[in-house]
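The next block holds one structure in the form of structure tokens; read it before the comments.
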Amino acid sequence: MINWKSIEQYDIPWRVLSIALILTLIGLLALKSISQHHQDSVFTPFFKQIVFFIPSVILCAGILFLPRYAVHKYSLIFYFVGIIIVFLPFFSDPRAGTHRWLDIGLPFAIQPSEFAKVFTMIALARYLSDHTLKMKQFSPIIVSFILVFLPALIVLNQPDLGTAIIMVTPALPMLYWSGARPFYLFLILAPVLSILASFNTTLFAIWALMMGSVIVLAQPKILSGIGLFFGNIFLGLLSRPLWDMLKPYQQTRLLTMIYPEKDPLGAAYQIIQSKTAIGSGGFFGKGWGDGTQTHLKFLPVQESDFILSVIGEELGFVTIAFILILSGYLISIVLKHSFLSKDRFSSLLLIGTATILMSHVFVNTAMTVGLIPVKGLPFPFISAGGSFLVTSYILTGLIMRFSIHYTD
């Protein structure tokens, strides 16, 4: 365990905490602006964020005292705790038609899935580190995906598609980092890519050529290779008739989810207003507190999902660029320490942490500018949300703790 009196002798990456605090400060500036015209003059998004910020930092600092062997030892216990807590919201009244939040008798609710995704990532890091010698086999890959899909499917039924995707996302980079054969990872992705490519003839032909090349280079058994190739081709060809069997309104719903511009007053409304806010801000913004899209309430979910739009309108593109550069620098630090780590568990945990942060940054930024459909994922350290802020600082504490290059 770390001795606080001599903590200076350890190589703790304090830059990680500094970046987290800078991003949080920028988020608080945006939330303060949003809260100026909030209906509730007390429990504003700014006030709630301040309330959660203090215990978040304390918890982050406390993680520095955790022995690494204890995190490894009790990771599976936390994993099962995570599964239990994502079940609990189903036993309470829904909020906004979903079972994402758990009422604990306070003025605010918590979102258990935020904590479950961290516990799932840690449990996966333990499993992969404990089975390093078996990673050239296919069975550990199947077990790894079962490990992440179990809580993800529960969260998906809340429903919360965005968080469910984030739970699964670390699996591939962590598997690759642990030494799994790339061909086995390809087997996992191939059916999904075959279905997606089947809706464009040219794209499907290119995918078939690429798939055949990968199979030839991997040199599996002849029957296995033929079965894999034609199985995916058949799956892709079958997707189109299944699509045609759907009723028109069902096709419209799916197309609207993928291409929200087809419904400008419904699914596309958020993205259109987000683009308008960012575009009107220009390079330096309209000025703090002067965002018309923000304060006239044209921009929905502005305190969490679309907080970058608020920042873009009021503080300009230069501030968004600064945020993205700082976030990229944070992720690069985590990847560097993962590469330098002396033990497999720490290295995998850092890779998983970097993947979670990078996924949130990418998805939130991409949906803000309309590159992908709205998924409801907040931006790390900036977006409002007590549970998410706490888990963001838990990840920060884990990064700092497992980046210390010494053995317990």
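The numbers here are math on the coordinates, done by the rules we state, and not lab data. Here the structure is a predicted model, which means the values were calculated and not measured. Backbone-built Cβ (ideal geometry, glycine too); neighbour counts: all protein chains shown.
One table, with the values for the structure above:
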{"read-out": "Inverse mean reciprocal Cα-Cα distance (Kirkwood Rh) of the chain, Å", "value": "23.1 Å"}
{"read-out": "Separation of the Tyr74 and Phe234 label points, Cα + 7 Å toward Cβ, nm", "value": "5.0 nm"}
{"read-out": "Difference of contour (0.36 nm per residue) and Cα-Cα distance, Gln137 to Val369", "value": "79.4 nm"}
{"read-out": "Convex hull of region 54-135 built on C-alpha atoms - directionally averaged projected area, nm²", "value": "7.3 nm²"}
{"read-out": "Debye intensity ratio I(q)/I(0), log10, region 95-156, q values 0.18, 0.23 Å⁻¹ (C-alpha model)", "value": "-0.71, -0.94"}
{"read-out": "Projected area, mean over directions - region 278-408, Cα convex hull, nm²", "value": "8.6 nm²"}
{"read-out": "Relative contact order (percent, whole number), region 43-152, Cα cutoff 8 Å, 6+ residue spacing", "value": "22 percent"}
{"read-out": "Per-bin percent of Cα-Cα distances, region 353-403 [5 Å]", "value": "4, 21, 27, 23, 14, 7, 3, 0"}
{"read-out": "The chain, relative contact order in percent, only Cα pairs under 8 angstrom and at least six apart counted", "value": "26 percent"}
{"read-out": "5 Å binning of all Cα-Cα separations within region 107-205, expressed as whole percents from 0 upward", "value": "2, 12, 20, 18, 16, 14, 9, 5, 2, 1, 0, 0"}
{"read-out": "Order of Ile50, Ile215 - criterion: other Cβ atoms within 10 Å of each residue's Cβ, fewest first", "value": "Ile50, Ile215"}
{"read-out": "Which listed pairs, of Lys73/Lys117; Lys117/Lys336; Lys48/Lys73, have C-alpha distances above 25 Å, in listed order", "value": "Lys48/Lys73"}
{"read-out": "Cα extents of region 13-150 along the three principal axes, largest first (Å)", "value": "58, 41, 23"}
{"read-out": "Leu25 paired with Ile54, simple spin-label distance in nm, labels 7 Å along Cα-to-beta-carbon", "value": "2.0 nm"}
{"read-out": "Under 5 Å, built H, 5+ apart or other chain: amide partners of Gly316", "value": "Gly285, Lys286"}
